[in-house]
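Have a look at the structure below, then the notes.
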Amino acid sequence: MADGIAVINCGSSSIKFSLYTINQDGDPAYFFGGQVDGIGVSPRFVAKASDGTIMEEKEWSKADEMVHDTLLEYIFEWIRSNLQDITVRGVGHRVVHGGSLYNAPVRVTPEIIEQLETFSPLAPLHQPNNLSPIRAIAERRPELPQVACFDTAFHRTQPGVAQAFALPRALTDEGIRRYGFHGLSYEYIARKFGDYASVEIASGRMVVAHLGSGASMCAIKNGKSIASSMGFSALDGLPMGTRTGTLDAGVILYLMQAKNMSPSEIENLLYKQSGLLGVSGISNDMRVLLESDDSKAKEAVELFVYRINRELGSLMAALGGLDAFIFTAGIGENSPEIRRQVCSAAAWAGIRLDDNANQSGSARISTAESPVSVWVIPTNEELMIATHTLELLET
Ligand code: ADP
């Protein structure tokens, strides 16, 4: 018999799951995992063992029969029938919003579920989906400990001035403030960075660029978040696969007043039709854009890199300088070309790229003389959730 921790990351169009056992050092060790994507269109299930071999693949043609609840049920049953001799001791969940209340993961109770529900208006596309597996498990297995790990929690160390909008105080008090997201990824990188860099660098001033289909950047000092590019919602900051990033609020007023667009039309435009997809008119996938000769694909990439460089300047101002710059997530980990373009634009900041190291997949990709060291560190939000869940179960 072995103990296990299950991790569920239930998003709007995908559900990711993984199972960790606990190794001899008492740390979570990946056992298997998988995901369903294409929810609402053509759901596809895939599960893989720790060595990457496919354990099961499945597709459903009737998307309307396999909705979130039925897919969750399928995943729970699949995990149960593949547990072998592992007993699940707890389940960790990614929850996008912890409001200004939670600065750390929390063990879930019925009262806490109700409270997290009240944050749904702050993240309507994500929070209800994040909470549905928590509710489902609480109903079926009320004795099984569950832990909510928040994307916002890591940023609660930011000074008040970094979290505030210049809005009337009553609105700020109501919760209209900058929260920041991708916190589990940043926390993982901040903890992991010490394995790569000297204590001096790891405890210094760093900017982490989480560049995936969602993208943001975070200024970290002494392991703590002090500023981030994302604010009230996951729309702010960098242009993303299909999201705008920072947008003059006047544009929203114009869309409403001059173009008579409804809130849901604007939501769809800002979340689903903008970013790399909107600018290129071709794809939200950076790989496709980098391979394309179309001038609009090049413009989309140029805008992405330009905004990263502008955001770097802003985050460096918050930090008062820079010791290390870290790339992570799908684009950051896998695209030497984007890293090259970003580093070239950021030469002003003291960033000197080592081209060979960048191409060959080294962890440190800056030259020995570079005033700022530059790194590529794979993120692992699921492992961060498993680690938190285990830590909370042991207390
Ligand atoms: P998320 O978890 O937010 O869905 P990921 O961190 O998995 O996103 O990143 C997905 C994105 O990474 C894809 O949209 C793709 O554009 C990009 N990506 C993956 N591999 C490469 C690559 N080799 N070159 C450029 N971009 C890549």
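The values are calculated or read from the model by the stated rules, or taken from the named source; none is laboratory data. For clarity, every value in this text was computed on a predicted model and none was experimentally measured. Note: ideal-geometry Cβ built from the backbone for every residue, glycine included; neighbour counts use all protein chains shown. For accessibility, only protein heavy atoms count, side chains too; no ligands or nucleic acids. Shrake-Rupley method; radii C 1.70, N 1.55, O 1.52, S 1.80 Å.
Annotations
- Selection within segment 268-280 - within 16 Å of the ligand (Cβ to nearest atom) and open to solvent by less than 70 Å² (accessible area, probe 1.4 Å): Tyr271, Ser274, Gly275, Leu276, Leu277, Gly278, Val279, Ser280
- Conditions (1) touching a residue at least 24 places away in the same chain (Cβ under 8 Å); (2) over 19 Å from the mean Cα position of the chain (by Cα); number of the one not met by Arg135: (1)
- Tally of residues being touching a Phe, Trp or Tyr at 6+ places or on another chain (Cβ under 6 Å) and assigned to a helix (DSSP H, G or I) across segment 330-365: 1
- Leading residue by the ranking (nearest to the ligand (Cβ to nearest atom)) among those in segment 331-368 that are under 21 Å from Asp195 (Cα atoms) and open to solvent by 40 Å² or more (accessible area, probe 1.4 Å): Asn334
- Within segment 199-214, the set of residues being assigned to a strand (DSSP E or B) and more than 8 Å from the ligand (Cβ to nearest atom) comprises Arg205, Met206, Val207, Val208, Ala209.
- When restricted to residues that are within 11 Å of Arg178 (Cα to Cα), touching a strand residue (DSSP E or B) at 6+ places or on another chain (Cβ under 6 Å) and touching a residue at least 60 places away in the same chain (Cβ under 8 Å), segment 217-236 contains 3.
- Scan of segment 128-159 for residues that are within 19 Å of Ala104 (Cβ to Cβ) and part of a helix (DSSP H, G or I), ordered by number: Asn130, Leu131, Ile134, Ala153, Phe154, His155, Arg156, Thr157
- Listed here are the strands (runs of 3 or more DSSP E) enclosed by segment 21-69 that have at least 2 residues being among the β-branched types (Val, Ile, Thr), open to solvent by 80 Å² or more (accessible area, probe 1.4 Å) and within 26 Å of Thr87 (Cβ to Cβ), and there are none.
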